[in-house]
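Just so it is clear, none of the values below were taken in a lab; they were calculated from the coordinates. Keep in mind that what you see is a predicted model, and the values were worked out from it rather than measured. Please note: Cβ atoms are built from the backbone with ideal geometry, for glycine as well, and neighbour counts cover all protein chains shown.
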């Protein structure tokens with residue numbers, strides 16, 4: 001499969017998922033500022049999911065520029081990543097309606113971690129398939145360092161969510177995203 005065909009498919013599915021997210025936003029019971037404020041958990045959950053998916057899309061775009069070869073395993077990892085990503089509208093609405101519920105937050109966190117896992121496996125398979133591309137290989141070594149921090153922050157958030165404070169999951173996703181966005185030059189050092 002060509003790189004362009006796979007990236008076009010991934011782009012299309014992510015765009016559909018991001019569009020579905022907004023369709024799940026409820027309307028306020030009364031069209032007042034207080035009515036909109038009552039939906040703050042819905043808007044926060046939507047914004048977090050939208051920008052998390054958007055960040056993932058931007059990073060994929062930036063990091064896939066130097067690859068030439070796509071293996072079968074990369075295609076399957078991408079498909080599994082998209083499967084879990086397609087659950088974002090559902091889990092986002094669960095979190096929005098049950099923000100302080102440990103089960104809703106945990107399910108959301110598990111989906112985020114599964115997307116992260118298959119995204120990481122996809123990158124790893126690209127490194128194997130593109131060993132001759134030294135620039136890509138060095139970018140992936142730098143990315144590996146950040147992925148460890150990303151996964152650690154999310155795992156800590158999931159543990160805190162399950163045992164102590166349910167909103168810790170969304171907070172950990174936000175913290176991980178801010179850290180990754182705050183240090184883009186470190187991620188892309190070659």
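Stretched out straight at 0.36 nm per residue, the stretch from residue 38 to residue 152 would grow longer than its current Cα-Cα span by 37.8 nm. Fully extending the segment from residue 51 to residue 86, taken as 0.36 nm per residue of separation minus the present Cα-Cα distance, adds 11.1 nm.
The convex hull drawn around the Cα atoms of segment 1-67, when projected onto a plane and averaged over every direction, covers 5.1 nm².
Taking the fewest neighbouring Cβ atoms within 10 Å as the starting point, the ordered list for 160, 179 is 179, 160. For the Cα atoms of the chain, what angle does the longest principal axis make with the long axis of helix 134-163, in degrees from 0 to 90, nearest 10? Value to nearest ten degrees: 30.
At full extension, residue 4 and residue 58 could sit 17.9 nm farther apart than now, given 0.36 nm per residue minus the alpha carbon distance. Could you state the angle between the C-alpha long axis of helix 168-182 and the longest principal axis of the C-alpha atoms of the chain, as a value from 0 to 90 degrees rounded to the nearest 10? Approximately 50 degrees, to the nearest ten. Model label points for residue 165 and residue 76, set 7 angstrom from Cα along the Cα-to-Cβ axis, are 4.1 nm apart. Among 28, 166, 89, whose mean-square fluctuation peaks in a Gaussian network model of the chain (Cα, cutoff 10 Å)? Result: 28 has the largest fluctuation of those listed. Please check which bits of segment 64-89 a label hung off residue 132 would reach, taking the label as a point 7 Å along Cα-to-C-beta and the cut-off as backbone N under 16 Å. From segment 64-89, the list is 66-71. Note on the chain: with a GNM built from Cα contacts shorter than 10 Å, the maximum mean-square fluctuation among 95, 69, 115 falls on 69. Against the main long axis of the alpha-carbon atoms of the chain, helix 3-23 sits at an angle near 0°. What residue among 178, 13, 75 shows peak mean-square fluctuation when the chain is described by a Gaussian network model with Cα springs under 10 Å? Answer for the Gaussian network model of the chain: 178.
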